[in-house]
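The values are calculated or read from the model by the stated rules, or taken from the named source; none is laboratory data. All values derive from a computational prediction rather than experimental measurement. Reconstructed Cβ throughout: ideal geometry from the backbone, glycine too, with neighbour counts over all protein chains shown. With ligands, DNA and RNA removed, areas are computed over all heavy atoms of the protein, side chains included. Shrake-Rupley method; radii C 1.70, N 1.55, O 1.52, S 1.80 Å.
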Amino acid sequence: MQARIVIVDDRSTNLRVYAQYVAMMGPEYSATCFHSAVEALKWLETEHADLLIVDYRMPEMDGATFISKFRARTVGAHIPAIIITARQDRECRISALDAGATDFLQSPVSHIEFRDRAILLLGQYQKQQELKKSLATNNRASSDEDEEGNEPSGKSMLEQIIDTTPILINATDRNGKFLFLNSYQAALFGRDPEELVGQSIAEILPPDLVERERRRNNVILETGISIPNYEEKFISEDVELTFHCNKSPLLNKDNQTIGILTTGLDITARKFAEEHRTHLALHDMLTGLPNRTLLSDRMRITIDNCNTTGKGAALLLLDLDRFKVINDTRGHQAGDMLLRQVAERLSNALDNNGFAARIGGDEFAIVLQNLDSQEEVVAICSKLLTQIGEPYSVGGVEQLIGASIGIALIPEDGNSSDELLRLADLAMYEAKSSGRNRFCFFSPRMNQIAQLNAGVESDLRDALHSDQLFLEYQPIVDIASGEYAGLEALLRWQHPVRGRLVPQDFIRVANDSGLIGNIGQWVVNRACAQIAEFAAQGITLPPVAVNVSPKQFQFGNMSAEILEKVAKYNIAPGKLSIEITEELLLDHNQEVHDQLETLQSGGIGISIDDFGTGYSSLQYLRDLPATRLKIDQTFIARIENSSADRAIISTIAHLAHALDMRVVAEGVENEAQFALLRASGCDEVQGYLLGRPLAVTELRELFGAGKSRPETGVQ
């Protein structure tokens with residue numbers, strides 16, 4: 001088999017790679033490459049191709065337009081065409097299918113995937129060409145006989161027409177022996193029609209096809225009713241072709257059924273396109289796994305099976321840990337490569353009693369079926385965590401990730417796919433909050449918490465408009481001078497039923513519901529208003545720090561909003577600072593950096609809060625325009641008994657000083673901690689030893705009296 005593969009891609013690197021892939025397929029395959037889609041179309045006006053490989057995104061025209069223009073020509077109607085695309089949207093692929101694309105490859109393309117798809121389509125196309133060539137040869141032979149005046153073939157005009165039509169046509173008797181085959185069908189079996197007449201279908205067709213044919217034939221023989229519009233696959237020389245078939249009773253002159261007439265039209269290309277459309281609707285384009293729609297359908301079947309057989313099942317919701325770090329630092333292409341590898345590991349880890357689906361982002365669902373005990377779920381989850389935790393090679397760089405898994409049991413926890421997904425999601429968040437890289441079963445307690453959170457969200461919306469939120473201020477003390485160096489504004493909520501609440505009671509709900517943006521704006525506005533209030537009363541406060549959620553940077557222009565409040569209340573430069581967490585560092589793109597630079601140039605201090613607990617990065621620390629580094633209190637709590645924590649604090653302090661930042665230790669509760677922090681190089685401290693959070697009235701009493709340092713025994 002000699003095959004010419006035409007490759008069209010505007011990027012030279014891709015052309016070289018794909019041409020090399022073709023060369024690796026063997027000497028019977030050749031590649032003809034074009035940078036220009038226009039030049040390729042012009043070349044194809046006079047030259048032939050057996051397969052087209054076309055990039056979707058090209059400057060002169062996209063791949064769909066190229067295929068459409070090529071298909072408009074008679075010669076290009078049936079040549080298979082593969083579109084290569086990095087895009088994952090369905091609209092792109094649907095437009096390519098409408099234009100006449102046969103198959104797709106997701107960029108970057110592996111050699112094995114390229115080879116397998118190309119050989120499959122070439123095999124089908126060349127088999128179809130052989131069948132047409134056989135017909136053409138038969139037509140010429142009959143025509144030559146007539147023109148030369150030789151003895152006629154003995155076939156009637158109708159027989160000759162049937163014999164030269166590119167459709168499968170055969171007639172069998174009541175016992176399944178061939179009475180007639182046209183040349184097209186005989187060519188499919190690689191034989192002459194005369195050789196096959198009189199033979200049984202059992203001698204020619206494979207056993208499974210023989211069984212289906214006999215079953216259909218018997219229905220017609222017993223009822224006399226035709227069987228229209230069914231599909232059947234025929235394999236010829238290892239190439240599978242799909243035909244649209246019809247069966248009718250073969251009648252004699254007395255209207256008695258003496259056999260079966262079967263016809264079939266080759267719909268392989270159309271079927272391929274239909275299967276692509278169905279696949280696109282039900283599968284994730286990046287990983288090839290079932291999507292949320294197909295997952296829901298399969299879960300309904302699983303639930304029905306559980307109710308029928310009494311066997312158990314489980315829904316696992318799996319969310320990758322630290323994927324966002326890789327996606328942000330290495331880019332989306334690296335993230336996509338990683339997701340495909342994860343999907344492959346999930347599929348390989350499951351047997352026939354389970355399947356995986358991708359339901360969005362870095363979140364996967366797994367359904368386990370035919371379970372006898374909960375221990376089976378535990379074993380499978382342990383296996384999944386182990387396999388996901390193995391190193392990945394992404395662009396030649398080794399990457400490590402983990403996963404958090406939430407589990408809902410079927411039917412114990414629920415009997416609807418939506419409810420089970422909700423419960424598994426609750427369990428997955430419990431696994432994340434418990435330390436990540438672990439699995440957690442759903443419990444009624446989680447549902448109670450979720451219901452409580454729903455109530456909290458509603459109450460929190462009311463709180464924003466009914467004066468239930470207020471601020472307290474905790475002093476920050478300079479270690480060297482012992483004087484007040486600043487205040488941290490702390491949000492509080494006077495709930496009408498539950499009483500005084502602190503952020504840990506509601507901040508997660510605020511983040512999940514999107515209310516955090518409005519709350520953050522309220523905090524900044526209130527802090528600025530109270531600073532101005534004190535100034536109007538002749539009371540000078542130390543600089544005030546307000547906490548800013550990373551999500552606030554996703555809504556509007558955060559820096560402009562803060563500077564607007566500073567200008568509105570006439571806050572002096574250096575009197576307001578913001579505290580950001582390391583989570584924001586994960587989203588450290590240019591836009592965030594520019595906003596922080598704008599704030600700093602506007603006289604706003606920037607402090608990195610809870611340092612050491614998240615995804616600390618020296619690069620981010622170096623590049624961010626921060627002026628303070630706050631060491632998380634978990635290190636402070638262990639400083640008396642842990643030499644490792646003392647070393648960490650000392651190292652952080654030296655690093656911060658080298659970057660011209662001051663170091664603040666929070667959560668200081670006793671004098672021993674204070675002394676060790678001073679020895680470790682910390683500049684400022686905050687905690688109950690130096691002062692508890694103060695109400696506005698207490699703040700007025702403290703600074704109105706002109707006090708500059710706390711009344712403690714520390715020196």
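Here the 3J(HN,Hα) profile of region 472-487, calculated from phi with Karplus coefficients 6.51, -1.76 and 1.60 at θ = phi - 60°, is 10, 10, 9, x, 10, 10, 6, 5, 5, 9, x, 9, 5, 9, x, 9 Hz, Gly and Pro shown as x. Tally Lys/Arg at +1 and Asp/Glu at -1 over every other residue whose Cβ is under 13 Å from the Cβ of S559; what's the total? That works out to -4.
Restricting to the chain, what percent of DSSP beta bridges are antiparallel, rounded to 5? Working shown, then result.
Numbers: 68 of 111 bridges.
The answer is about 60 percent antiparallel.
Comparing T223, N370, I631 along the charge dipole axis of the chain, the residue lying farthest to the positive side is I631, per the Cβ-charge model. Going through (i) -0.66; (ii) -0.85; (iii) -0.74, the figure that equals log10 I(q)/I(0) by the Debye sum over Cα atoms at q = 0.08 Å⁻¹ as computed for the structure here is (ii).
Between R4 and K324, what FRET efficiency comes out of the Förster formula 1/(1 + (r/R0)^6) with R0 = 35 Å and r the beta carbon distance, rounded to 0.05? Intermediate values should be presented prior to the final figure.
Numbers: r = 46 Å, r/R0 = 1.30.
The pair K324/R4 has a calculated efficiency of 0.15.
Carbon-plus-sulfur accessible fraction, the chain (probe radius 1.4 Å, protein heavy atoms only): 49%. List the relative contact order of the chain as a percent without decimals, with contacts defined as Cα pairs under 8 Å and 6+ residues apart. Relative contact order of the chain: 6 percent. If R0 equals 51 Å, the separation of the Cβ atoms of A647 and A529 corresponds to a calculated FRET efficiency of about 0.75. Could you give the angle, 0 to 90 degrees to the nearest 10, between helix 268-282's Cα long axis and the longest principal axis of the Cα atoms of the chain? Once rounded, one gets 20 degrees.
Order I84, I94, most accessible first, counting only protein heavy atoms with a 1.4 angstrom probe. Write out the running numbers ahead of the final one.
On the way: I84 5, I94 50 Å².
These residues rank, largest area first, as I94, I84.
Straight-line cross-link partners of K551 among the lysines, defined as a Cα under 30 Å from its Cα and at least 8 positions apart when in the same chain: K324, K432, K565, K568, K575, K630. The figure for R277 is an accessible area of roughly 90 square angstrom, using a 1.4 Å probe on the protein chains alone.
Between S601 and Q468, the contour length at 0.36 nm per residue exceeds the alpha carbon distance by 44.5 nm. Normalised per residue, the accessible area of region 400-441 is 40 Å², obtained with a 1.4 Å probe and no contribution from ligands, DNA or RNA. Between K253 and R692, the simple spin-label model (points 7 angstrom out along Cα→Cβ) gives 11.5 nm.
What percent do you get for the relative contact order of region 294-413 when only Cα pairs under 8 Å and 6+ apart count?
On the way: 158 pairs, mean separation 48.0, N = 120.
About 40 percent, as a whole number.
Remark: accessible surface ordering of E60, E430 (largest first) is E60, E430, probe radius 1.4 Å.
For region 281-347, what is the accessible area per residue in Å², given a 1.4 Å probe and the full set of protein chains?
Numbers: 2830 Å² over 67 residues.
Result: 42 Å² of accessible area for each residue.
R508 contributes an accessible area of around 120 Å² to the protein surface, as traced by a 1.4 Å probe with all chains present.
When the solvent-accessible surface of protein heavy atoms is calculated with a 1.4 angstrom probe, in what order do M337, M25 fall, highest first?
Details: M337 55, M25 25 Å².
Result, largest first: M337, M25.
Give me the 1.4 Å probe accessible area per residue for region 32-112, excluding ligands and nucleic acids, in Å². Working shown, then result.
Details: 3620 Å² over 81 residues.
Per residue, region 32-112 has an accessible area of 45 Å².
Taking 0.36 nm per intervening residue step and subtracting the Cα-Cα distance, what contour gain separates V38 from R214 on full extension?
Working: separation 176, 0.36 × 176 = 63.36 nm, distance 5.24 nm.
That pair, V38 and R214, stretches by 58.1 nm at full extension.
Figure legend: label point modelled 7 angstrom from the Cα of E671 along Cα→Cβ; residues of region 683-705 with amide N under 20 Å from it are 684-692.
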